[in-house]
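The values are calculated or read from the model by the stated rules, or taken from the named source; none is laboratory data. This is a predicted model, so every value here is computed, not measured. Note that we place each Cβ from the backbone using ideal geometry, even for glycine, and neighbour counts take in every protein chain shown.
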Amino acid sequence: MQKLEDMTLFDAVASVKKGEIEREALFEAYIERIRRLNPEYGAYITVNETLSGKNKGSGGALEGAPIAIKDCICTKGLRTTCASKILSSYVPPYDATVVSRIKSEGGVITGKTNMDEFAMGSSTENSGFFVCRNPWDKTRVPGGSSGGSAVAVSARLALAALGSDTGGSVRCPASFCGIVAMKATYGLVSRYGLVAYANSLEQIGPMARDVKDCALLLNVISGHDPRDCTTIPGKKEDYLAYLEKDVKGLRIGVPKEFFGEGTDSMVEKEVWNGIHALEALGATWEEATLPSLKYALPAYYIIAMSEASSNLARFDGIRYGTREEDEGMNWEDSFSRTRGVNFGSEVKRRIILGTFALSSGYYEEYYLKALKARTLIRKDFERLFKEFDLLVGPTMPTPAFRIGEKVEDPLEMYMSDIDTVSVNLAGIPAISVPCGFAGGLPVGIQIMGPPLGEGSLITAARRLEEELGLSLKPPV
């Protein structure tokens, strides 16, 4: 009989509904595995070892499924730290909308996953607590900032997980850890209960072992939310309906800029194998150009850091966050000491740079120019989607790099995001699917679509997944 932890989300839920598996047995199998392996991989910051009796037998879409939640998404009664010492004891009094929807469909929360502090990073090395390790090679990073969620899915410490994606933060770790993850159209998934990093860029996204599981989780978490005015009104779509469609006649654009300087030759080879696999299934492809991509990284980091500077101002030890002992200190000294002690170096760096970009005399020079560059990028995508149904390229320019390899060079670390940030600037959907291996490490292919084009992404990703037939169980 197949081990419980080796079942897909879809199959496990079906077995629970049929009575073949007790939800308690499924939950305990995962908790036992987390107890055993989490010290080795650092996937979870907080583990929820209590199975709630609520929703038992509800017959929901996620009945009995153990789901991991990134630690910047609020969970009622379960510690939410954003991997930062400043929130080390924060326990939210409410659930984020996405968590409420998971629970209402019978899902159970296994715990809160490790991440880069306040989602600021591409490797999960910036966690304020401990390093997170890639299940394919423990000397390498899992990617970030949703690294813990990716490791939880890849190492079979959860059936599926939620992450958040501000500039590639579900797609990067999906590529590095050999799983599937989607960044949806901006506004498709509620951000209510997501601790904000950069409001105009971020989206909560599903992370799973295969495309079918990813579509199922997207079904549950998507849809309008009156508590988030940025969500898109209208009828919810059934993304499972796109799993059986074919790609015949789909026009695929391959922007040459996604294969620029710094792209590993083995990554390039595997991505092109994926493109040719789609071609063999009946799609057509042409080389395309996205000239504004050269502005994407600077525009993204100026906008993201500026919004982070504003959003993190509330964490001062008075309104929110841990407060350092300040007897005899005035407010200014207390504020400075609290943030100096409890924020990590990367968070401090981004706050300082963001504050500078928004300051008088520099606002027009940096922030305003970044917004204009963002408009150019969005228009470039709009132009390409008049010619093509989908765009394809690498998710990441390299396979997972070694822990510590880029920590001392922030600019080199930022360059890792070259293929992912433009999607967030344009607000379009993208999915990362495993397409091969480079030196024994997973490689992800990124498929991008027009706004609300998630259905086509799921179709293409599912057909590609079946055609490649990769074995994606890491040597845990």
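Apart from one condition, P442 fits all of (1) in a loop (DSSP other than H, G, I, E, B); (2) in contact (Cβ under 8 Å) with a residue 24 or more places away in the chain; the exception is (1). Evaluation of S145 against the conditions (1) crowded, with 24+ Cβ neighbours inside 10 Å; (2) part of a helix (DSSP H, G or I) shows that the sole unmet condition is (2). Scan region 195-208 for residues that are of a type outside the set (G, A, S) and part of a loop (DSSP other than H, G, I, E, B) and jot them down. Selection gives V195, Y197, N199, L201, E202.
For region 395-439, a residue qualifies if it is more than 20 Å from the chain's Cα centre (by Cα), assigned to a loop (DSSP other than H, G, I, E, B) and of a type in the set (A, V, I, L, M), and exactly one does: V407.
Inside region 274-297, residues that are surrounded by fewer than 17 Cβ atoms within 10 Å (Cβ to Cβ) and not in a strand (DSSP E or B) make up a count of 8. Tallying residues that are modelled with pLDDT of 90 or more and surrounded by fewer than 18 Cβ atoms within 10 Å (Cβ to Cβ) within region 305-342 yields 4.
Within region 343-356, the residues that satisfy the criterion of being surrounded by fewer than 21 Cβ atoms within 10 Å (Cβ to Cβ) and either of a type outside the set (G, A, S) or outside any loop (DSSP other than H, G, I, E, B) (or both) are S345, E346, K348, R349, I352, L353, T355, F356. Residue pairs whose Cβ atoms lie under 9 Å apart, sitting 6 or more positions apart in sequence or on different chains, and linking a residue in region 1-29 that is under 18 Å from K212 (Cα atoms) and charged (D, E, K, R) to a partner that is modelled with pLDDT of 95 or more and surrounded by fewer than 19 Cβ atoms within 10 Å (Cβ to Cβ), are E5/A29. Of the residues making up region 303-320, one or more are within 30 Å of the chain's Cα centre (by Cα), within 30 Å of I252 (Cβ to Cβ) and outside any loop (DSSP other than H, G, I, E, B).
Report yes if some residue within region 324-343 is within 20 Å of V407 (Cα to Cα) and without any contact (Cβ under 8 Å) to a residue 40 or more places away in the chain; otherwise report no. Yes, region 324-343 has at least one match. Total residues in region 226-260 satisfying the condition of being among the acidic types (D, E) and either surrounded by 21 or more Cβ atoms within 10 Å (Cβ to Cβ) or under 20 Å from the mean Cα position of the chain (by Cα) (or both): the figure is 1. What about R383, is it closer than 21 Å to D116 by Cα, outside any loop (DSSP other than H, G, I, E, B) and either over 18 Å from the mean Cα position of the chain (by Cα) or among the β-branched types (V, I, T) (or both)? No; evaluated as a whole, the condition is false for this residue. Using the structure shown, decide if R156 is over 16 Å from L9 (Cβ atoms), more than 12 Å from the chain's Cα centre (by Cα) and surrounded by fewer than 24 Cβ atoms within 10 Å (Cβ to Cβ). Answer is no for this residue. Looking across region 248-268 at every residue that is touching a residue at least 24 places away in the same chain (Cβ under 8 Å) and among the acidic types (D, E), the one that is farthest from M396 (Cα to Cα) is identified as E257. Listed conditions (1) buried (at least 23 other Cβ atoms within 10 Å of the Cβ); (2) out of contact with any Lys or Arg (no Cβ under 7 Å at 6 or more places or on another chain) are all met by N199, apart from (1).
Total residues in region 70-108 satisfying the condition of being of a type outside the set (S, T, N, Q), in contact with a helix residue (DSSP H, G or I) (Cβ under 7 Å, 6 or more places away or on another chain), surrounded by 21 or more Cβ atoms within 10 Å (Cβ to Cβ) and outside any loop (DSSP other than H, G, I, E, B): the figure is 7. Evaluation of T166 against the conditions (1) in contact with a Leu (Cβ under 8 Å, 6 or more places away or on another chain); (2) without any contact (Cβ under 8 Å) to a residue 40 or more places away in the chain shows that the sole unmet condition is (2).
Which one of these is modelled with pLDDT of 95 or more, farther than 30 Å from T139 by Cα and crowded, with 22+ Cβ neighbours inside 10 Å: A61, A12, A25?
A12
From S175, S222, which residue is over 19 Å from A152 (Cβ atoms) and either within 12 Å of the chain's Cα centre (by Cα) or of a type in the set (S, T, Y) (or both)? Being over 19 Å from A152 (Cβ atoms) and either within 12 Å of the chain's Cα centre (by Cα) or of a type in the set (S, T, Y) (or both) holds for just one of S175, S222, which is S222. Between A400, A370, A426, A430, the distinction of being over 21 Å from S164 (Cα atoms) and in contact (Cβ under 8 Å) with a residue 40 or more places away in the chain belongs to A370 only. Filtering region 173-194 to residues that are assigned to a loop (DSSP other than H, G, I, E, B), hydrophobic (A, V, I, L, M, F, W, C) and either under 19 Å from L390 (Cα atoms) or touching a Phe, Trp or Tyr at 6+ places or on another chain (Cβ under 7 Å) (or both) leaves A184, L188.
Among residues of region 80-98 that are aromatic (F, W, Y), those with a beta-carbon under 7 Å from a residue that is buried (at least 17 other Cβ atoms within 10 Å of the Cβ) and modelled with pLDDT of 95 or more at least six positions away or on a different chain give the pairs Y90/R79; Y90/T80; Y90/T81; Y94/C74; Y94/G193.
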